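Peer 1: Before anything else, here's the structure in question.
The values are calculated or read from the model by the stated rules, or taken from the named source; none is laboratory data. Note that the structure is predicted; figures quoted are calculated from it, not measured. Here the Cβ positions follow ideal geometry from the backbone for every residue, glycine too, while neighbour counts run over all protein chains shown.
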Amino acid sequence: MRPLEDYLVVDFSQFLSGPSASLKLADMGARVIKIEKPGTGDICRHLYTSNVIMNGESSVFHAINRNKESFAADIKNEEDKTQIWELVKQADVVMHNFRPGVMERLGFDYASVKAVNPFVIYGEISGYGDTGPWKDKPGQDLLLQSLTGLTWLSGNAGGPTPMGLSIIDMLAGNHLAQGILACLVRKTISGEGALVQVSMLESAMDFQFEAITTYYYDGKLPERSEKNNAHAYLGAPYGIYKSANGYMALAMGSIPQLGGLLSCDDLLKYTDVAEAFHKRDEIKAILAKHLLTDTNEHWLGILLKADIWCAEVLSWDKLMQEEGFKVLDMLQEVEMSDGYKYRTTRSPITIDGELLRSPKGSPKLGEDNDTITNGLIERNGHGK
């Protein structure tokens, strides 16, 4: 039995941050019902973040909404609204990721939901919190990366560099799932419900806790190296380097030791540990030029034997052929109700030796309406 079996999550959220949180709950056994607008559904069904369309809808929608059910209902229609309320009354968790004030206008804000379901765990993600001058700004990932300093940590010195994933959406989703799980534990002890609030802004700042702590200690903004930067606060050799036939990553290490192992005499003179940071561009330039003279296999063969922290830089196609990846069994095939199958990742969590797999793919818009409206939700209470 999975930890959240028999728990019901009613999820109003759309696009990435909220649905990523409910995916975590679904993989741990919760029954997740997406409330979607008839005709269009979750905006992510058709707002493509890639040019890949799967079974008529966005690949991202399929990836983040597997293992869920879809209930198409018009919140402005009184009959549909009544059905949604019946679900909300039974829910252990109700969640959304709309801007502040939207759920109040729709009538499904925390106070209204708590009035009919006093033990509910109510979760919400906003862009910037529910107060202050930014509360109505759009909570979009690139905008949050740009506002929170994150773009000054990646890439080489110069202009800002965003991360190549919707990282703040995913972080906020994980934080919401953490908060919901903590409150579900408390609910089993005390019977209390809870309001769990996460903002993308706060998630982005939490993500940078090491760098921000350092900034408050020394008062200096991060300074990326001009060459082969991989971390604004770490010295040479930390970075990614091109070899004669690929790329390799080097983490922390003694510069003279590297010089001896790689037969690079120009590195032997950097005996002062502080030089690894203060002269990192100079050192990295020497190292980068030297590593171009031979292959990944040659250099890694030397360094790994000496227990130097290093690795080949792999793309997905190469990674997935590696035994170290295959043994994790990280991929799964899921199937939609119409028979469409696709491969995606599984939950990264293992519980009591069980991989948290789910054969159910993403739902067609409204495909579960009949099942839900026919009253086939079996509940065990959970404090109700």
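Peer 1: Being surrounded by 20 or more Cβ atoms within 10 Å (Cβ to Cβ), out of contact with any strand residue (DSSP E or B) (no Cβ under 9 Å at 6 or more places or on another chain) and in contact (Cβ under 8 Å) with a residue 60 or more places away in the chain is true for just one of A204, A177. Which residue is that?
Peer 2: Matching residue, one of A204, A177: A204.
Peer 1: Here is a follow-up. When you look at I212, is it under 21 Å from the mean Cα position of the chain (by Cα), surrounded by fewer than 21 Cβ atoms within 10 Å (Cβ to Cβ) and not assigned by TED's automatic domain parsing to the domain that holds K114, yes or no?
Peer 2: So I212 fits the description; yes.
Peer 1: Answer yes or no as to whether S13 is assigned to a helix (DSSP H, G or I) and hydroxyl-bearing (S, T, Y).
Peer 2: no
Peer 1: Checking the condition of a type in the set (A, V, I, L, M, F, W, C), free of Cβ contacts under 8 Å to residues at least 40 places away in the same chain and assigned by TED's automatic domain parsing to the domain that holds R357, which residue from I53, I64, I33, I84 passes?
Peer 2: Residue meeting the stated conditions: I53.
Peer 1: Can you tell me which of (1) among the β-branched types (V, I, T); (2) farther than 28 Å from T151 by Cβ; (3) assigned to a helix (DSSP H, G or I) is the one T271 doesn't meet?
Peer 2: Here T271 clears every test but (3).
Peer 1: Can you pull out the residues in the range 346-376 that are under 24 Å from V88 (Cα atoms), free of Cβ contacts under 8 Å to residues at least 12 places away in the same chain and assigned to a loop (DSSP other than H, G, I, E, B)?
Peer 2: N374, G375, L376
Residue-wise test of (1) over 30 Å from M205 (Cβ atoms); (2) over 23 Å from the mean Cα position of the chain (by Cα); (3) loosely packed, with under 15 Cβ neighbours inside 10 Å; (4) not charged (D, E, K, R).
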| position | (1), (2), (3), (4) |
| --- | --- |
| D74 | yes, yes, yes, no |
| K81 | yes, yes, no, no |
| F98 | no, no, no, yes |
| R105 | no, yes, yes, no |
| Y110 | no, yes, no, yes |
| S126 | no, no, no, yes |
| D130 | no, no, yes, no |
